[in-house]
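Working notes, beginning with the structure itself.
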Amino acid sequence: GIDIAVQEIPDLIICDYHLPYMDGRTIITNLRENDKTKSIPIIMLTADIYANENQDIDADDFLTKPIRRNKFLKHVNRILNPDA
């Protein structure tokens, strides 16, 4: 995913916190350290309600699953259209 982000430079990255090979926090750290990807907005998703407590996670938004589609889309729109 990190390599694809570097190549494609997406408008937004949606990343789960708990992943099998690399956790979301590590992914975000890698993306923020790369000049090409450091300004891409990131929404972190997690089922762990305590995942963001007492951690310095540099995500633009942090959502706890399950999340309703309308709420999710509202957060995506807020990030992609901050002046709307």
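Points worth noting:
- Residues that are touching a residue at least 60 places away in the same chain (Cβ under 8 Å) and among the charged types (D, E, K, R) within region 1-51 comprise just one, Asp11.
Residues are listed down the side, and each one gets a yes or a no for (1) among the acidic types (Asp, Glu); (2) under 20 Å from His75 (Cα atoms); (3) at pLDDT below 95; (4) open to solvent by 50 Å² or more (accessible area, probe 1.4 Å):
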{"position": "Pro10", "(1), (2), (3), (4)": "no, yes, no, no"}
{"position": "Ile14", "(1), (2), (3), (4)": "no, yes, no, yes"}
{"position": "Tyr17", "(1), (2), (3), (4)": "no, yes, yes, no"}
{"position": "Pro41", "(1), (2), (3), (4)": "no, yes, no, no"}
{"position": "Thr46", "(1), (2), (3), (4)": "no, yes, yes, no"}
{"position": "Ile49", "(1), (2), (3), (4)": "no, yes, yes, yes"}
{"position": "Asn52", "(1), (2), (3), (4)": "no, yes, yes, yes"}
{"position": "Gln55", "(1), (2), (3), (4)": "no, no, yes, yes"}
{"position": "Ala59", "(1), (2), (3), (4)": "no, yes, yes, no"}
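The values are calculated or read from the model by the stated rules, or taken from the named source; none is laboratory data. Bear in mind the structure is a predicted one, so any value in this text is a computation, not a measurement. Backbone-built Cβ (ideal geometry, glycine too); neighbour counts: all protein chains shown. Heavy atoms of the whole protein, side chains included, go into the accessibility calculation; ligands, DNA and RNA do not. Shrake-Rupley method; radii C 1.70, N 1.55, O 1.52, S 1.80 Å.
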